[in-house]
Each structure stands twice: as C-alpha cells, then as structure tokens.
C-alpha cells in the first residue's frame, strides 16, 4: 500500500516536471519569435525609411555635427554678448511660458472631467464611455500645429490661437493619462461615500481625487513641460513668443547663431527650472509638508 | 561560526540596535523575541546586509561581513537567505520563476532578461517545491496562492540559494495558526535535515520555545536574554516584553492548543 502511494507520488512529481518543462519550452519559443519579429521590424523599418529619404542617412551622417558645431563656435566667439541676448529674449520667453501655462491649466481641467466620464466604475453615464473616449482620441489625433494654422488664418497671428490649439491637444492627452490613473484607483472609499448618500461629484471629489492627485499633478506638470516646447514651435508659424525669435536667429548665414544659442540656453534653463519645481511640489503632495 | 561584536544601528537620534553581541559556534535554530520596535528586524537586515551597520562587526567563518562591498556583498547575501513577513515574492511571476530567483546571484543580467535558466535548476526548483508540499502549484502565479503557500514559496526561494544561514523576519506573523505551524515545521526540518543555521524573529514566545534551540530576547535595541528555551522563565519573559504581572504567554500565542486558554483569559479580563 505504502509503496503504491510512493509510486503514485513519484509519478505525479514527474508529471509536474514534464508539464512545467513543456511550458518553459513554449515560453522560450515565443520569446525567440518576439525577438526575431523585433529585429525584422527594426531593420526593415529603417531600410524603408532610409530608402524614402531624399538625401540618404549614411551620406548625410558625417554632416550631422555641422549645425551644432556652427552654433557652438559662433556662440563661443561672441560669448560676451550672450547675457545681453538673454535679457533681450526674456520677454518673449515669458510670453511662451504664459501660453503653455494657460493652455495646460485649461487642458487639465477639461481633461479631468473627460477622464472621470470615461473611466469604468467611475463614470456618471457608463453607456457614454466610448463616446468620451472617441472625443479624446480626436483631440489627440489632430496635430496642434494644424489647429493653430487654421485659427491664425481666421483670428490673425498672436498668442490666443496657439493657446487654444495647445489646450485642445492637452485635453485629449491628459484625459487619457488621467483616466488610466483613475482606473487603478481604489473604489472602496467611493463605496464608503456612496453608502453615506454622497452624490456623484461628491464621491469623485472626496473619494477619487485625493488618491489620484499626486499622479495627476505629475502628469500635468510633464504636460506643461511638453507645452512649453509646443508653444515655442508654434512661434515658428506666427504665434509669437520665443519660437518666432528662434526661427529668425537660427536661419543659416545670418550670423545670428549667438542669439540662437542664447535662446537654447533660456529654453533649457526653463525646462530645468520647472522640472525642479514640479518634483518639489510632487514630493510635498505625496509625502506631506516636511516637519 | 557566526560572531556579532557590538553591532549598532542608529537612525538619526534613534538607536535601533544597541551594541548587540553574540556568538554561534554551530548550526542551530535561534529565535529572536521582543516587542515590535525592539530592533529584531534591523538586526536580521544587518546580518543580510540589506541595511548597513552604523558600527560594530559581523564575522562568519572568519569573513568580515560588515566590510563586504559590491560582488562580495551580493555573494554573501546569496549565502544568507532571507524570508520576510510579507513574503516579498514577485506576484505576477509563476511559482517556479520565483523560486529560481534564488539562483540570480549566479546568473548574468542577459540570461535573466531572456529567462534562460538551466534545465537542471528548473528541475531542482520543482524538487524543492515538492519537498515543501506545494509542487502542484508550480505553474501558477505567486499572487494566486494563499499566504501560507506563498511563505513556503519564499522558503523554497531561500533553499534555492543553497544558503549557509536562513534568516526569517517574522515568517508567521501574517499567517493563521495552521499555516504558521506548517511554515515553522518546514524551517525546523530544514535545520535538522540540511544542517543549516536558522535565525528567526518571532513575535510569540511559545513558537520560540517549541521550535528553537536557543532564544535571544531583545528590548529597546539591547540583547537582554540569551539562553536555552528552558532558561526563559515567565519573569524573564515579562522583562523582555516590559509587561507587568497581567502578562501571560497564552495571550501572545498562535498555537491552536493554547488559543482556547487565551480566549478564556481574555473573557475573564473583559468580565472584570
């Protein structure tokens, strides 16, 4: 009796070994196939892109450093002028940052509402989730430069078209990120508030927002950073700000590379500044005020 | 074998472990008892080098453990397995993969990336699971297992390391009495059959009495008792836990037999 039990036990153990090894083999096969597909896509995609390229990646590769080298050498020659340039362009920088700040605020506000409307388990009208999702898809799909160009054509050049264009895109982008964060929120506090008779906005305000606020803030601040760059780019097409100045300064052969370098430094400094500021506030929000 | 010499850990102004010294000259099962915050966990973490000691020295077979850096430190950590209260498994990976993590010290990052463990290691991992009686769960995700089963997976991971010492930080504190018994018996078996040293932080006295060859009592970072379970009297235990005459071992017990007694005693207290 005991021997049969032992033999059964050994047989069972062998089955477990065999099954698991089969699973390992299957996993290794899938892993190898994934790797193969990755390399095929990587080299295939590169080959196609290089093929369609007007110039040629390999022939142009040697000239890659020419522009930065030109900017650096010219800026170094006229390094004494850099501080003065920075002062000159500071006003334009403020305009650019201003556009980014307003559009981030507006975008975050609408993104928040859209995200709660399109999150399973939280939405006020669950049937409408796909509708809100598609609205956000559209907002993300249209490039902000297209909206800005149309609005500049209708309203004339200036910061307002840029602001509307960036806010539109930000709403879609933040709405999606926010809704992914809220999807992972713990629903127990929401249930607790519902059991006390709270309405939908009260449940969201007290049950969800405190949980997701640190993540929302960090996404919004990342978006602010992206928007500073976006609003600089929109300056190229006539929305004003530092982008317009950069476009003028970095054209070839005008001898204005020192000004371009000053603008690059200003933009870099701005990004660093807001990055530091955002990590400070994020820490305070997650860990509380340091004692 | 293992020697601790005035090992101290301070966190700012707080002294977590205050000049802890003891010598272990042969593999045995040691239980460390004391209130929460007495410095038991910090002591184990310093042994494993998860936490660095502020001062003092730990030596094992002549090797100065406290001074190890980089690769040497990781090699020591693989010799000195750790089991945690909350199991600390990777929840989304299957049970065998979690056990195989015990062999990571011998693997390169690249082979880990592509999940290429040698077949004999995989077989050994399943054999260890078989020994602990949970082989049928081998392909499941770790998170799908109950607490007691997860703790046995953690013990299997420790055994996969083929360690000289097994450190267990409150291994049964989140388990029900039945599972606690299975886990403690597994640790005892590992000590008796493999001759490995086992050092376990325990929050209940009777567990220490029942399974350990030697008991170390800590209070406020200091070692206040070091001896055999027989030497551990009730008044000594009161001293370790800083309790008054109301203290009874039964109230801290997780053993099934003493649970009834504890319940009666609590009922008495409530009635008073």
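The values are calculated or read from the model by the stated rules, or taken from the named source; none is laboratory data. Because the structure is a prediction, the values reported are computed rather than measured. All Cβ positions, even for glycine, are placed from backbone atoms using ideal geometry, and neighbour counts span all protein chains on display.
Some observations on this one:
- Among the conditions (1) within 30 Å of residue A:165 (Cα to Cα); (2) without any contact (Cβ under 8 Å) to a residue 24 or more places away in the chain; (3) not in a helix (DSSP H, G or I), the only one that residue A:131 does not satisfy is (3).
- Region B:131-161: number of residues that are free of Cβ contacts under 8 Å to residues at least 40 places away in the same chain, away from every other protein chain (no Cβ under 14 Å) and part of a helix (DSSP H, G or I): 4
- Qualifying residue in region A:267-283 (condition: more than 21 Å from the chain's Cα centre (by Cα), in a helix (DSSP H, G or I) and either under 26 Å from residue A:174 (Cβ atoms) or in contact (Cβ under 8 Å) with a residue 12 or more places away in the chain (or both)): no
- Residue within region A:129-149 that is out of contact with any strand residue (DSSP E or B) (no Cβ under 7 Å at 6 or more places or on another chain), closer than 30 Å to residue A:283 by Cβ and surrounded by 14 or more Cβ atoms within 10 Å (Cβ to Cβ) present: yes
Here is a yes/no grid of residues against (1) in contact with a helix residue (DSSP H, G or I) (Cβ under 6 Å, 6 or more places away or on another chain); (2) surrounded by 22 or more Cβ atoms within 10 Å (Cβ to Cβ):
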position: A:165; (1), (2): yes, yes
position: A:170; (1), (2): yes, yes
position: A:179; (1), (2): yes, yes
position: A:183; (1), (2): no, no
position: A:209; (1), (2): no, no
position: A:219; (1), (2): yes, no
position: A:222; (1), (2): no, no
position: A:234; (1), (2): yes, yes
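A quick yes/no check of all residues on (1) under 13 Å from the mean Cα position of the chain (by Cα); (2) surrounded by fewer than 21 Cβ atoms within 10 Å (Cβ to Cβ):
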{"residue": "B:150", "(1), (2)": "no, no"}
{"residue": "B:167", "(1), (2)": "yes, no"}
{"residue": "B:178", "(1), (2)": "no, yes"}
{"residue": "B:206", "(1), (2)": "no, yes"}
{"residue": "B:215", "(1), (2)": "no, no"}
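- Check on residue A:122, more than 25 Å from residue A:249 (Cα to Cα), outside any helix (DSSP H, G or I) and modelled with pLDDT under 95: yes
- The helices (runs of 4 or more DSSP H) located wholly in region A:1-107 that include 1 or more residues which are outside the structural domain of residue A:164 (by TED's automatic domain parsing), surrounded by 14 or more Cβ atoms within 10 Å (Cβ to Cβ) and free of Cβ contacts under 8 Å to residues at least 40 places away in the same chain occupy A:2-52.
- Among the residues of region B:50-74, those that are touching a residue at least 12 places away in the same chain (Cβ under 8 Å) and in a strand (DSSP E or B) comprise B:55, B:56, B:57, B:58, B:59, B:60, B:63.
- Restricting attention to region B:106-130, the residues being in contact with a helix residue (DSSP H, G or I) (Cβ under 8 Å, 6 or more places away or on another chain), more than 10 Å from chain A (Cβ to nearest Cβ) and modelled with pLDDT of 90 or more number 3.
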